[in-house]
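Values in this text are rule-based calculations from the coordinates and carry no lab data. These numbers were taken from a predicted model, which means no experiment stands behind them. Cβ placement follows ideal geometry from the backbone for every residue including glycine, while neighbour counts extend to all protein chains displayed.
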Amino acid sequence: MSGTSAALKPPADAVAPVRHPDAPAPGELLGAHYEQCFGCGGEQAHGLHLAARAGDGVTITAEFTVQAAHQGAPGLAHGGVLASALDETLGSLNWLLRTIAVTGKLETEFVRPVPVGTLLYLEAEVTAVAGRKIYSTATGRIGGPEGPVAVRADALFIEVKVEHFIDNGRQAEIQVAMSDPDQVRRARAFEVNP
């Protein structure tokens, strides 16, 4: 992305990301990390219902279709919804690292309007890791992988412990997620959030 702020440029001592050996295989659907998540959860009536798939290395692809509930100007996606789709996609990358991380900074560039009814195809990758900081980038294209670029983003995620969510989240939802017998779903519930 052109004009990326200094905070989103990895330091000289950053290292290349390493895909965790237990990460989902390339092509595997990641599924919702939490059913109530606005970005990927299936239980959100007006959510994005973003579907992400693991790619090669530390990359993913994702898709969502802009619905009428997602519009800002008549017939066009709201910029905040597009930023949410980018954030969700970038945050899903951390599952390939098996790292719990939260968005520290997200810088978005809006290239062209995205009409309601449009499929937005997103590609994202982790570019570097420096201590607890994870640097990543994403691009959203209209209609598919060869479509015109509509949005881009660079992000900085910060690795946190699960206590970040336990100490700051609403206890009713925390308890439901913590009591899930599925160990993978339980871990994924806490993988992404500000």
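What FRET efficiency comes out for Asp22 versus Ala73 if R0 is 35 angstrom and r is the Cβ-Cβ distance? Round to the nearest 0.05. Don't skip to the answer; put the middle values down first.
Values: r = 43 Å, r/R0 = 1.24.
About 0.20, to the nearest 0.05.
Output ³J(HN,Hα) for region 78-90: one whole-Hz value per residue in order, computed from phi by the Karplus curve 6.51 cos²θ - 1.76 cosθ + 1.60 with θ = phi - 60°, and x for Gly and Pro.
Each residue's phi maps through the Karplus curve to give 5, x, x, 5, 5, 5, 4, 5, 5, 4, 4, 5, 5 Hz.
Given all pairs of different Cα atoms, what value in angstroms does the Kirkwood hydrodynamic radius of region 1-92 take? Could the numbers behind the result be given before it?
Working: mean 1/r = 0.0665 Å⁻¹.
Here the Kirkwood hydrodynamic radius works out to 15.0 Å.
For the ranges 52-58, 81-87, what's the packing order if you count other beta-carbon atoms within 10 Å of each residue, average per peptide, and put the highest first?
Values: 52-58: 18.9, 81-87: 22.9.
So the peptides 52-58, 81-87, ranked by packing, come out 81-87, 52-58.
Please turn the phi angles of region 121-128 into ³J(HN,Hα) values with the Karplus equation 6.51 cos²θ - 1.76 cosθ + 1.60 (θ = phi - 60°), one per residue in order, whole Hz, x for glycine and proline.
9, 10, 10, 9, 8, 7, 9, 6
Semi-axes, largest first, in whole Å: what does sqrt of 5 times each Cα gyration tensor eigenvalue give for region 50-109? Intermediate results must be reported in sequence, preceding the final value.
Numbers: eigenvalues 121, 36, 13 Å².
Each semi-axis is √(5λ); the values are 25, 13, 8 Å.
Please compute the Kirkwood hydrodynamic radius of region 22-176 from all pairs of different C-alpha atoms, in Å with one decimal.
Details: mean 1/r = 0.0632 Å⁻¹.
It is 15.8 Å.
Provide the gained length on full extension for the span Lys105 to His46, in nm with one decimal, where the gain is 0.36 nm per separating residue minus the Cα-Cα distance.
Full extension of this stretch gives 18.7 nm more.
Which residues' amide hydrogens lie under 5 Å from the amide hydrogen of Ala101, considering only partners 5 or more residues apart or on another chain, with H built in the peptide plane?
Val160
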